[in-house]
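Let me begin by presenting the structure, written as structure tokens, before commenting on it.
The values are calculated or read from the model by the stated rules, or taken from the named source; none is laboratory data. Everything quoted here is computed from the prediction, not taken from an experiment. Neighbour counts are summed over all protein chains in view; Cβ atoms, including those assigned to glycine, are modelled from backbone coordinates with ideal geometry. Ligands, DNA and RNA are excluded from the accessible area calculation, which covers all protein heavy atoms including side chains. Shrake-Rupley method; radii C 1.70, N 1.55, O 1.52, S 1.80 Å.
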Amino acid sequence: MLAGNLMAIAVGSGGARIGLSRGRSRAMVALGTAGLVAFPLFMADVLTGWMWNVGMFERAVIYPIMIGHALLGSTVAAARRRHANSPLTPLDTRLAS
């Protein structure tokens, strides 16, 4: 749970290098931060044995990870589609450069 939310923050922070838009980068950082904030609530609920809405707290930690993966995956898929649809440069041009 911690690693997934830290991954979302790390990917969002370096989003420009991997092709994420500014909005998606900010969303990834916000999602990871929200997940990290919810983690202590979840752990306190579990460790105290109170078990009040443990599923809600668990989802608050896990869903940002899943949404972050979906944002990252859709960005990578869109970039691959753009790359696949771009016309190939002639061999002479590639050899000359």
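Here are a few things to note about the model shown:
- Helix 2-13 axis versus longest C-alpha principal axis of the chain: approximately 40°, rounded to the nearest ten.
- Phi to ³J(HN,Hα) by Karplus 6.51 cos²θ - 1.76 cosθ + 1.60 over region 49-65, Hz, x for Gly, Pro: x, 5, 6, 8, 6, 4, x, 5, 5, 5, 5, 5, 8, 7, 4, x, 5
- With DNA, RNA and ligands ignored, accessible area of residue 9 (1.4 Å probe; Å², nearest 10): 40 Å²
- Rg ratio for region 34-74: its Cα radius of gyration over 2.2 N^0.38 Å, N being its residue count, equals 1.30.
- Local charge for residue 30 was computed over the other residues whose Cβ lies under 13 Å away, with Lys and Arg +1 and Asp and Glu -1, and equals +3.
- Per-residue surface analysis assigns residue 36 an accessible area of about 50 Å², computed on protein heavy atoms at 1.4 Å probe radius.
- Against the rule of thumb 2.2 N^0.38 Å, how large the Cα Rg of the chain comes out: 1.55
- Seen against the Cα atoms of the chain and their longest principal axis, helix 22-47 is set at about 20 degrees.
- Label positions at residue 77 and residue 62, each projected 7 Å from the Cα along the C-beta direction, are separated by 2.2 nm.
- Measuring nothing but how far apart in sequence close Cα pairs (under 8 Å, 6+ apart) lie, relative to its length, the chain scores a relative contact order of 28 percent.
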